[in-house]
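A quick write-up on the structure given underneath.
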Amino acid sequence: AQSVTQLDSHVSVSEGTPVLLRCNYSSSYSPSLFWYVQHPNKGLQLLLKYTSAATLVKGINGFEAEFKKSETSFHLTKPSAHMSDAAEYFCVVSPQWTGGYQKVTFGTGTKLQVIP
Amino acid sequence: DTAVSQTPKYLVTQMGNDKSIKCEQNLGHDTMYWYKQDSKKFLKIMFSYNNKELIINETVPNRFSPKSPDKAHLNLHINSLELGDSAVYFCASSQEQGRGPTGELFFGEGSRLTVL
C-alpha cells in the first residue's frame with residue numbers, strides 16, 4: 001500500500017523569497033517520487049523525480065527536492081520564487097517495480113501563490 | 001509537435017447527452033490513462049491501458065467506456081451525461097518498466113467538460 005500527503009493546500013510567498021512545499025509519503029516498497037506542476041488551464045508537467053539514485057534531486061526552473069527516508073519526506077524547494085511559479089503542485093509516489101502492476105498515487109495538490 | 005494531444009479542449013453539453021473525448025500520443029509509449037480532475041484539483045485515475053489491454057478500471061460508472069484502437073490512441077465515451085460528470089479529463093501516457101509503472105507520466109492539456 002502507498003499514500004502521499006501534501007501538508008499544505010495553499011502556500012503564499014513573496015516574489016524573490018524561498019519556496020517550500022511539503023510532501024510526506026508511505027510505501028510498502030522502495031518508492032519512486034515525483035513532483036508535477038500544473039499551470040492554470042494546462043496539463044501536468046514533470047518537475048523532477050527521485051528513483052533511488054542521488055537523494056537531492058534537481059529539476060527544471062530551479063526547483064529541487066530531497067528524499068529523506070528517515071522522515072518519509074520529499075519536500076520541494078526553490079531559493080527564490082518567481083511570478084511564473086504560481087501554479088498547482090502535485091507530489092506523486094510510485095512503487096518501484098515489484099513484478100506486478102501497481103498504481104501511481106497523487107497527492108491532493110498545493111496551490112502556490114506568488115505575491116509581487 | 002504535441003506529445004499527448006486531446007480533443008476537444010472544451011465541451012459544453014446538456015444532461016443526458018453522449019460525448020466522446022479523443023487522445024493520441026506520439027511518444028511510442030505502451031501505457032495510456034484517463035484521469036478525472038474535479039473542481040478542487042483532485043486527480044483520480046479512471047482507466048489505464050497497456051498495449052490495448054485494459055489494466056486499470058477504477059470504480060467508475062459504466063456510462064464511461066474507454067476504447068483503445070491501438071497503443072497510440074485512447075478514447076473516452078460517456079453516455080447519459082450527468083451534472084456530476086463536469087470536470088477536466090486528462091489523458092496521459094507512460095513507458096513502463098516491465099509491467100510496473102515508472103510514475104513518469106506525460107499529460108495532455110485536458111478536456112474541460114461542462115454538463116448543464
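The values are calculated or read from the model by the stated rules, or taken from the named source; none is laboratory data. Note that the structure is a prediction, hence the values are computed from the model and not measured. So basically every Cβ, Gly included, is an ideal-geometry build from the backbone, and we count neighbours across all protein chains shown. For accessibility, only protein heavy atoms count, side chains too; no ligands or nucleic acids. Shrake-Rupley method; radii C 1.70, N 1.55, O 1.52, S 1.80 Å.
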Mind grabbing the accessible area of A:Leu44 for me, 1.4 Å probe, Å², rounded to tens? 10
If you take the accessible area of B alone plus A alone and subtract the pair, what total do you get in square angstrom, rounded to 100, with a 1.4 Å probe? 2100
Positions from region A:27-42 whose accessible area shrinks by 30 Å² or more when the full protein complex is built, not the chain alone, probe 1.4 Å: A:Phe34, A:Tyr36, A:Gln38, A:Asn41, A:Lys42
Per-residue SASA entry for A:Ser27, accessible area with 1.4 Å probe, Å² rounded to 10: 40
Cβ charges +1 (Lys, Arg) and -1 (Asp, Glu), total dipole of region A:1-109, debye: 280
Average accessible surface area per residue within region A:2-115, 1.4 Å rolling probe, Å²: 46
Other chains' Cβ within 10 Å of B:43-54 residues: what's the mean? 2
Please list, or write none, the aspartates and glutamates whose alpha carbon is within less than 18 Å of the alpha carbon of B:Lys36, excluding same-chain residues fewer than 8 places away. A:Glu88, B:Asp18, B:Glu24, B:Glu58, B:Glu82, B:Asp85, B:Glu104, B:Glu109
Test of understanding: what is the full-extension gain from A:Lys42 to A:Thr55, defined as 0.36 nm times their sequence separation minus their Cα-Cα distance? 1.8 nm
Let's see if you can work this out: charge +1 on each Lys and Arg Cβ, -1 on each Asp and Glu Cβ, no other charges. What is the dipole magnitude of chain B about its Cα centre, in debye to the nearest 20? 260
Is there a pair in A:Lys68/B:Lys67; A:Lys68/B:Lys71; A:Lys68/B:Lys22; A:Lys69/A:Lys103; A:Lys78/B:Lys52; A:Lys111/B:Lys71 whose C-alpha atoms are over 31 Å apart, and which pairs would that be? A:Lys68/B:Lys67; A:Lys68/B:Lys71; A:Lys68/B:Lys22; A:Lys78/B:Lys52; A:Lys111/B:Lys71
Of B:Arg112, B:Arg63, ordered by accessible area with the largest first and a 1.4 Å probe, the sequence is B:Arg112, B:Arg63
Computed over chain B, protein heavy atoms only, probe 1.4 angstrom, the accessible area per residue in square angstrom equals 48
